[in-house]
Structure formats: C-alpha cells, structure tokens
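Report on the structure given below.
The values are calculated or read from the model by the stated rules, or taken from the named source; none is laboratory data. Quick caveat: nothing in here was measured; it's all calculated off a predicted structure. Here the Cβ positions follow ideal geometry from the backbone for every residue, glycine too, while neighbour counts run over all protein chains shown. Calculation scope for accessible area: heavy atoms of the full protein, side chains included, ligands and nucleic acids excluded. Shrake-Rupley method; radii C 1.70, N 1.55, O 1.52, S 1.80 Å.
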Amino acid sequence: MNLVWKLLRQHISIPQFVGFFFANLVGVAIILLGVQFYNDYKALDSEDSFMKADYLIINKKIGALSGLTGAQSTFSQTDIDNLAAEDFVERMGAFTPSSFNVRARFNVEGFVSFSTEMFFESVPDDFVDVESDAWHYREGSSDIPIILPKNYLDLYNFGYAQGKGLPKLSEGILGAMKLQIQIEGNGGHGDFDGRIVGFSSRLNTILVPEQFMQWANQQYANGDEAKEPTRLIVEVNNPTDERITSYLQAHDYETDEDKLDASKTTYILRIIVSIVMAVGIVISILSIYILMLSVFLLVQKNSTKLENLLLIGYSPTKVSFPYQALTVGLNALVLLLAVAVMLVVRSIYLEMFQNFFPDLEVPGILPTLCVGVLLLVMVSIFNIIAVYGKVMSIWKRKD
C-alpha cells in the first residue's frame with residue numbers, strides 16, 4: 001500500500017486539486033446557505049406554521065346595502081365549481097360553520113374568570129399542517145383541539161388583561177391551559193375541554209377539526225338545513241398569477257391583500273433560492289469533474305506502474321484505495337469548511353433579522369447538515385465507483 005501512496009505523491013498536481021477544492025467549496029457553500037436561508041425565512045414569514053403561504057382565504061364582498069338588497073354572502077355550489085375549474089387553483093376547501101351555540105369559559109388561576117359567546121369553523125384537515133395526533137377528534141371525546149386567531153391573544157393581553165389587572169399570557173402558557181367549552185342546540189347540551197394547539201395570524205376564526213364539526217353539527221345543529229359556506233380556502237399554484245386578482249375582481253370576491261402579497265413574496269423568494277441553489281449545483285458538478293479529471297490523469301500517468309503492482313499481486317481494491325481516500329477526504333474537508341462559511345454568513349443575516357424581530361425563533365441547522373452529508377455521500381460513492389472503474393480498465397488490459 002505504501003508503494004501506491006508513493007506513486008500518488010509523484011504526479012499529484014497541486015493547482016488542479018486547489019482549483020477543485022475552492023470551486024467545490026463555493027458550490028457546496030451556496031447550496032447549504034440557500035437551504036438554511038430558506039428555512040430561516042420560513043420561520044420568519046410563517047407566524048403560524050400550520051397554514052401554508054400559498055393558501056388564500058376568499059369571501060364575497062359585503063357592501064353597505066347587502067342586507068337591504070338581500071344579496072347573498074355565501075358561496076353556492078355553482079360558485080365553488082366555477083372557481084375550482086380555474087387553472088390557478090390547485091385545490092380548494094370550504095369553511096364549515098357551526099350550527100349551534102358555543103360559550104367558552106377561561107379561568108386564570110388566582111384571578112377572576114371570564115366567559116364569552118363564540119363560534120367554531122372547520123376546514124378540511126389536509127389544509128391544516130398540524131401533527132395528526134394533535135389535530136384529531138375521536139367521536140365522544142370531551143377534548144377538542146382548537147386553533148385561535150393570534151389577534152385574540154393580542155386583544156386579551158393589550159386590552160382586556162391590561163384594563164382588568166390580569167396577567168399577560170404568552171402563546172406557550174395559553175397553550176398549556178384548557179378552555180371550558182359549552183355547546184347547546186337542538187335540545188342538547190355538551191361540556192368539552194378546549195385544547196389550544198396553535199395561533200394563526202392568517203385566520204380570523206376559531207378553527208376545530210372537521211371530524212368534530214361534522215359530528216357536532218349532527219348532534220346539536222339548530223335546524224336541518226346545511227349552511228352554505230361564507231368563505232373558501234384555496235391553494236394556488238402561483239400567487240403572482242394576475243388571473244387571481246382579475247378573477248376576484250370580476251366576481252366581487254376579496255381576500256386579504258397583505259396575505260396575498262406575502263404569498264407572492266414567498267413564492268418569488270422560493271424561485272430565487274432555487275435559482276441560486278441551481279447555480280451552486282452547477283458549480284459543484286463542474287468542480288467534481290475537475291477532481292475526477294485530476295484523479296484520472298494521476299492514474300493515467302501511473303498506469304504502467306499500477307499495472308506492475310496488479311501483476312505482482314495487488315488487488316484492484318487496494319490499488320484504488322489511495323485515490324478513493326484522496327477524493328473522499330477532499331470532499332469531507334470541503335463540507336466542513338462549507339458548513340463553517342454557512343454559519344458565519346447566517347450569523348450576519350440573523351443579526352439583521354433579530355433587530356426587527358427580537359422574539360424570532362429560528363430553526364436549527366440539522367436539515368442543512370443532512371443535505372450536506374447527503375451530498376458528501378452521493379459524490380463520494382460516485383468518485384469511488386469511477387476510480388475503481390478506471391483501475392479495473394488497467395486490470396483488464398493486463399490480461
């Protein structure tokens with residue numbers, strides 16, 4: 001094995017390997033930084049992680065004379081079918097309103113409790129990105145998972161609590177408490193425990209699982225007629241598509257413009273990050289080509305001596321190992337330095353983020369590290385197979 005190492009050192013080209021090293025370092029660093037930046041931005045952009053940015057909440061405009069003219073603010077089945085047929089719609093679901101009376105009581109230990117009339121709505125469960133165990137209702141259970149609007153918490157903290165001398169509550173503290181829910185309707189009554197699983201800045205409603213809503217409407221609905229939905233949740237394939245705005249205006253529909261703008265920003269950012277990562281991948285592929293070319297030149301320069309080693313009893317595996325170890329070692333060193341570069345750049349932009357969002361909770365770097373390790377494994381396997389194949393061609397030539 002020492003003989004092979006000596007042969008390797010004789011013809012090694014430092015400039016070629018330095019060129020590979022820095023080119024691959026740039027490519028891998030771009031890929032890792034793109035992955036990490038997008039994950040960090042998602043944490044910044046998605047104040048409620050269970051609602052994707054590509055979801056739009058659509059309702060009909062309510063004018064000043066809507067009540068007098070009898071104009072309907074609900075969506076008929078024809079309205080739903082027409083919207084679903086549009087090319088920009090990926091999928092769509094309807095908000096199901098509660099057809100019963102709901103009252104919630106909230107107790108703050110050591111302080112007075114308060115209660116309020118409220119309402120429930122649900123959307124198809126596949127529109128809510130919550131773990132299935134947390135967003136599940138079993139018929140007959142007294143436990144109801146609930147998603148509250150974030151502005152409800154703000155109203156409590158900066159309005160009700162401040163005026164009443166009550167303690168301010170964080171999302172974590174409130175999530176650990178339970179709401180006492182009373183449901184009445186159709187001559188029936190039920191007591192439930194509301195378990196808050198999240199807060200949404202995109203939904204101005206109190207959301208419960210669709211399975212619970214279907215069961216509760218059957219049990220407690222006031223009247224037999226099913227209510228038509230007043231709002232739709234729509235997943236679009238491209239929030240920047242001008243046809244969305246045109247369709248909404250033509251049919252007198254509306255959505256939250258701020259959320260639509262946020263969806264557009266996220267979509268454009270996703271495209272930019274994809275382009276940057278594609279550039280990084282191209283650079284990495286070219287650098288891998290440089291490395292393989294350098295190794296093949298080394299093998300070619302030493303082909304006669306390597307053939308002699310094979311003739312005196314060295315196996316192709318032993319002859320290939322030093323070249324394979326060289327490529328894997330260089331790739332591993334590139335990954336380590338690329339992670340270091342990514343961490344340095346990340347610390348710079350996170351400092352800027354946290355100047356504007358002091359309470360920002362950023363994700364870890366484990367997904368990015370997994371991407372880096374996956375790249376290392378894939379490239380190393382390719383290099384090992386390629387070097388072994390080159391040595392095998394020398395082995396076959398000696399026969």
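Looking at region 217-234, can you tell me whether even one residue there is buried (at least 16 other Cβ atoms within 10 Å of the Cβ), more than 17 Å from Phe120 (Cβ to Cβ) and modelled with pLDDT of 75 or more?
Yes, region 217-234 contains a residue that is buried (at least 16 other Cβ atoms within 10 Å of the Cβ), more than 17 Å from Phe120 (Cβ to Cβ) and modelled with pLDDT of 75 or more.
Assess whether Ser122 counts as being modelled with pLDDT of 75 or more and open to solvent by 30 Å² or more (accessible area, probe 1.4 Å).
Numbers: modelled with pLDDT of 75 or more: yes; open to solvent by 30 Å² or more (accessible area, probe 1.4 Å): no.
Considered against the rule, which asks whether it is modelled with pLDDT of 75 or more and open to solvent by 30 Å² or more (accessible area, probe 1.4 Å), Ser122 comes out as no.
Scan region 365-399 for residues that are assigned to a loop (DSSP other than H, G, I, E, B) and open to solvent by 70 Å² or more (accessible area, probe 1.4 Å) and jot them down.
Result: Asp399, single match.
Which ones in region 195-216 are assigned to a helix (DSSP H, G or I) and open to solvent by less than 30 Å² (accessible area, probe 1.4 Å)?
Phe212, Met213, Ala216 - these are the residues of region 195-216 that are assigned to a helix (DSSP H, G or I) and open to solvent by less than 30 Å² (accessible area, probe 1.4 Å).
Looking at region 353-364, is at least one residue part of a loop (DSSP other than H, G, I, E, B), among the β-branched types (Val, Ile, Thr), open to solvent by less than 50 Å² (accessible area, probe 1.4 Å) and closer than 29 Å to Asp40 by Cβ?
No, because not a single residue in region 353-364 is part of a loop (DSSP other than H, G, I, E, B), among the β-branched types (Val, Ile, Thr), open to solvent by less than 50 Å² (accessible area, probe 1.4 Å) and closer than 29 Å to Asp40 by Cβ.
Regarding region 241-253, can at least one residue be identified that is at pLDDT 85 or above, open to solvent by less than 50 Å² (accessible area, probe 1.4 Å) and within 20 Å of Pro149 (Cα to Cα)?
No, that holds for no residue.
Would you tally the residues in region 197-216 being modelled with pLDDT of 85 or more and within 24 Å of the chain's Cα centre (by Cα)?
Qualifying residue count for the region: 5.
With Leu335, Leu286, Leu350, Leu293 as the choices, which residue is aliphatic (A, V, I, L, M), touching a Leu at 6+ places or on another chain (Cβ under 7 Å) and open to solvent by 10 Å² or more (accessible area, probe 1.4 Å)?
Result: Leu335 is the single residue among Leu335, Leu286, Leu350, Leu293 that is aliphatic (A, V, I, L, M), touching a Leu at 6+ places or on another chain (Cβ under 7 Å) and open to solvent by 10 Å² or more (accessible area, probe 1.4 Å).
So Glu257 ticks every box in (1) within 30 Å of Asn82 (Cα to Cα); (2) at pLDDT below 80; (3) open to solvent by less than 30 Å² (accessible area, probe 1.4 Å) but one. Which box is left unticked?
All conditions are met except number (3).
Among residues belonging to region 181-194 that are surrounded by 14 or more Cβ atoms within 10 Å (Cβ to Cβ) and either among the small types (Gly, Ala, Ser) or over 11 Å from Ile144 (Cβ atoms) (or both), point out the one that is farthest from the chain's Cα centre (by Cα).
Residue satisfying both the conditions and the ranking: Asn186.
Could you run through region 286-326 and say how many residues are in contact (Cβ under 8 Å) with a residue 60 or more places away in the chain and under 41 Å from the mean Cα position of the chain (by Cα)?
Number of matching residues: 13.
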